[in-house]
Amino acid sequence: MLVKKKRDLRPRLYPLILSAGIILLDQAAKLAVVLTVPVGRVITVIGDFFRIIHVQNPAIGFSIGRGLDASVRRPLFALLPLVVVALVSLYYFFTRDEITRFQRWCFGALIGGGLGNYVDRIFRPAGVVDFLDFRFYGILGMERWPTFNVADMTLVISGILLFISFLLPTPKKQPDKGSPGGAA
């Protein structure tokens, strides 16, 4: 008779604390910008290298879709991120593949970043609040990197780290001492 081993979901729930923290930090930073920096105002922080500028992005990353009519853009960009977060969450919770602790925390960061911007899409009709602005010195033909926020930064960094982690070999688990196949 086969006994189905019940999976412990607790290790997969802990990174959701990171998700909640990212959402809170992102929304707090955006609220601070909305309350203190008028739209379009530039505040120099480190010369021309780093500035704070209040921008409202009605599109998705890198202003993709900005030219779409608002009647198409708003519902599409409200639905699309929700679908992506749902798919990532479904994979995260229900995959049979072994996910490392590091990958779990990357998934938690991805979910937090995705939901941080999703809150803006639902509650800020003018668009997602972006405010971090860096000079890019002509790299990739851009003098300035597109203005972004904490959620965007989290999405990019955790996405890159997660991608790299899937490329690297995963260390084999050592058998427990005292279990069959382990040293006694």
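Details
- Identity of the residue in the stretch 155-171, of a type in the set (A, V, I, L, M) and in a helix (DSSP H, G or I), that ends up nearest to GLY113 (Cα to Cα): LEU155
- Scanning the stretch 97-149 for residues that are within 19 Å of ARG41 (Cα to Cα) and of a type in the set (Val, Ile, Thr) yields a count of 3.
- For the stretch 61-79, the condition of being touching an Asp or Glu at 6+ places or on another chain (Cβ under 7 Å) and under 20 Å from PHE148 (Cα atoms) holds for at least one residue.
- Subset tally (residues that are closer than 27 Å to ILE122 by Cα and of a type in the set (A, V, I, L, M)) for the stretch 44-57: 3
- Among the conditions (1) within 18 Å of LEU90 (Cα to Cα); (2) modelled with pLDDT under 95, ASP48 misses just one, which is (1).
- Under the condition of being part of a helix (DSSP H, G or I), in contact (Cβ under 8 Å) with a residue 60 or more places away in the chain and within 20 Å of the chain's Cα centre (by Cα), the residues counted in the stretch 6-36 number 17.
The values are calculated or read from the model by the stated rules, or taken from the named source; none is laboratory data. Being a predicted model, the structure only gives us computed values, none of them experimental. Cβ atoms come from the backbone with ideal geometry, glycine included; neighbour counts cover every protein chain shown.
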